[in-house]
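Asker: Shown below is the structure under consideration.
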Amino acid sequence: AVLNQQGAMRVTREQAPELVDMVAALANRAGLPMPAVYVLATEQPNAFATGRNPENAAVAVTQGILQTLNRDELAGVIAHELAHIKHRDTLTMTVTATMAGAIAMLGNMLMFSSMFGGRDDNRGGGLATFLAMIFAPLAAGLVQMAISRTREYEADRTGAEISGHPMALASALAKIARAAGRSVNIPAERNPASASMFIINPLHALRMDRLFATHPPTEERIARLQAMASSGRGPWGTQ
């Protein structure tokens, strides 16, 4: 569904040989089946992965990212998206979103129950219902955001291991973050619920408290990748 929402077009090796070959090589390195490859006709540099399991997965990149990043940076981004596939993050976030929605629905049920079903204010039942109605959906949303941010950090780490170039991914994140605020991703604006799937938040001029953000701070992600590159562990330790 998200691919249709974003107006993504599937590409073959004949249409985009360098891109498809890069995805194939990185998927092989990650021990994953070859995912479908899609391109989004938007100038904003960005990317996402989708699919309930590695056998039914897709990697999507924008025209903007193909024009903005160099080869190593693009490989880092694709490796990040393959990490999401490897970790089955789409399934994880779908389950998390479903649970959050169910809790929010429970809060609404409690509200209607208190309004139309009578209250037992003398024993504190009314206050308890009110608190549950307000804070249960809020807590569910916070947990959902926290899981989303954790999944991004882990995809950065695994993606750097797949590509072997953590600093290239760090450079890509910096470029994407700078450009994202200067261009409007119209399909993403029309479907804001899909924003958490992108490697960088695609929504224009969205300023939210970090507590509610779906993505970790870009500077913190870059700092962690820099620490990986300087740790001396992995194939990047001798670069």
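Asker: Assuming 0.36 nm per residue, please report the length gained on full extension of the stretch ILE186 to GLN226 beyond their Cα-Cα distance.
Answerer: Values: separation 40, 0.36 × 40 = 14.40 nm, distance 3.25 nm.
Here the segment from ILE186 to GLN226 would lengthen by 11.2 nm.
Asker: Now, a different point. Heavy atoms only, probe 1.4 angstrom, no DNA, RNA or ligands counted: give me ARG190, ARG151, ARG157, ARG221 ranked by accessible area, highest first.
Answerer: Numbers: ARG190 185, ARG151 55, ARG157 90, ARG221 0 Å².
Correct descending sequence by accessible area is ARG190, ARG157, ARG151, ARG221.
Asker: List, in order, the whole-Hz ³J(HN,Hα) value for each residue of segment 49-62 obtained from phi through the Karplus relation with A = 6.51, B = -1.76, C = 1.60 and θ = phi - 60°; use x for Gly and Pro.
Answerer: 10, 8, x, 6, 7, x, 7, 10, 10, 9, 10, 10, 10, 8
Asker: What does the charge count around ALA168 come to, taking other residues whose C-beta lies under 10 Å from its C-beta (Lys +1, Arg +1, Asp -1, Glu -1)? Can you show the working numbers first?
Answerer: Details: positive: ARG71; negative: ASP72, GLU73.
So the environment of ALA168 carries a net charge of -1.
Asker: Right, another one. Using a 7 Å offset from Cα along Cα-Cβ at GLN63, what residues in segment 27-41 end up with backbone N under 13 Å from the label point?
Answerer: Those under the cut-off are 39-41.
Asker: Work out the length of the dipole vector of segment 1-69 about its Cα centre, built from +1 on the beta-carbon of each Lys and Arg and -1 on the beta-carbon of each Asp and Glu, and round it to the nearest 20 debye. Provide the component values of the computation, followed by the final result.
Answerer: Working: 4 positive and 5 negative charges, 36 e Å.
So the magnitude is around 180 debye.
Asker: What does the charge count around THR90 come to, taking other residues whose C-beta lies under 15 Å from its C-beta (Lys +1, Arg +1, Asp -1, Glu -1)?
Answerer: Details: positive: ARG52, LYS86, ARG88, ARG151; negative: GLU55, GLU81, ASP89, GLU152, GLU154.
Neighbourhood net charge equals -1.
Asker: Once ligands and nucleic acids are excluded and a 1.4 Å probe is used, how much of VAL37 is accessible, expressed in Å² to the nearest 10?
Answerer: My reading of the accessible area for VAL37 is about 10 Å².
The values are calculated or read from the model by the stated rules, or taken from the named source; none is laboratory data. Everything numeric in this text was worked out from a predicted model, so none of it was measured. Neighbour counts are summed over all protein chains in view; Cβ atoms, including those assigned to glycine, are modelled from backbone coordinates with ideal geometry. For the accessible areas, the whole protein counts, side chains as well, though only heavy atoms, and no ligand, DNA or RNA atoms are used. Shrake-Rupley method; radii C 1.70, N 1.55, O 1.52, S 1.80 Å.
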